[in-house]
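Trainee: Sending over a structure as structure tokens; questions will come in a sec.
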Amino acid sequence: MKLIVFRFAFNAYFSLLKEYESANEAQIAELQPFAQRCLVLAIKSKNVINFEELLALKAVKVLATKEKELFELFNLFINTDARDFKG
């Protein structure tokens, strides 16, 4: 059940962020909490596989400078193979 909620929530946030692609900088800045949550949900959801589409969004790109730790975690998640996590 939890995974269904993650997928639904991710889709809602992703759709919201896509709607504001032509927004100005002030509007994009207001979307930062939604962009943060969208990244977290993308990591948690097993059904999100197209991370490039997410990274292309303006509000997500801003996170690279404003929320460096979260953005680095997201990049680690999408750029690291499961074999790299062996202990």
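Trainee: Return the residues of the range 28-53 that are farther than 16 Å from L73 by Cα and at pLDDT 90 or above; say none if nothing qualifies.
Mentor: I28, A29, E30, L31, Q32, P33, F34, E53
Trainee: Give E72, E30, E53 a once-over and let me know the one that is of a type outside the set (A, V, I, L, M) and within 24 Å of K2 (Cβ to Cβ). Explain how you work it out, then say what you get.
Mentor: Working: E72 fails: within 24 Å of K2 (Cβ to Cβ); E30 fails: within 24 Å of K2 (Cβ to Cβ).
Only one candidate qualifies: E53.
Trainee: Report, by residue number, each residue of the range 13-29 that is assigned to a helix (DSSP H, G or I) and exposed (fewer than 12 other Cβ atoms within 10 Å of the Cβ). Please lay out each step first, then the result.
Mentor: Taking the range 13-29 first, the residues assigned to a helix (DSSP H, G or I) are 13-19, 25-29.
Residues satisfying the conditions are S15, E19, E25, A26.
Trainee: Which condition number does A64 fail, the rest of (1) surrounded by 12 or more Cβ atoms within 10 Å (Cβ to Cβ); (2) at pLDDT below 90; (3) not in a helix (DSSP H, G or I) being met?
Mentor: (3)
Trainee: Please identify the pairs in which a residue from the range 1-27 that is modelled with pLDDT under 95 has its Cβ atom under 8 Å from the Cβ atom of a residue that is hydrophobic (A, V, I, L, M, F, W, C), counting only partners at least 6 apart or on another chain.
Mentor: Short answer, once both residue conditions are applied: F6/L41; R7/V48; A9/L41; F10/C38; F10/L41; F10/A42; F10/V48.
Trainee: Could you check, for the range 26-44, whether at least one of its residues is under 9 Å from the mean Cα position of the chain (by Cα) and either basic (K, R) or at positive phi (or both)?
Mentor: Taking every residue of the range 26-44 in turn, at least one turns out to be under 9 Å from the mean Cα position of the chain (by Cα) and either basic (K, R) or at positive phi (or both).
The values are calculated or read from the model by the stated rules, or taken from the named source; none is laboratory data. Given the structure is predicted, the values throughout are model-derived calculations rather than measurements. Note: ideal-geometry Cβ built from the backbone for every residue, glycine included; neighbour counts use all protein chains shown.
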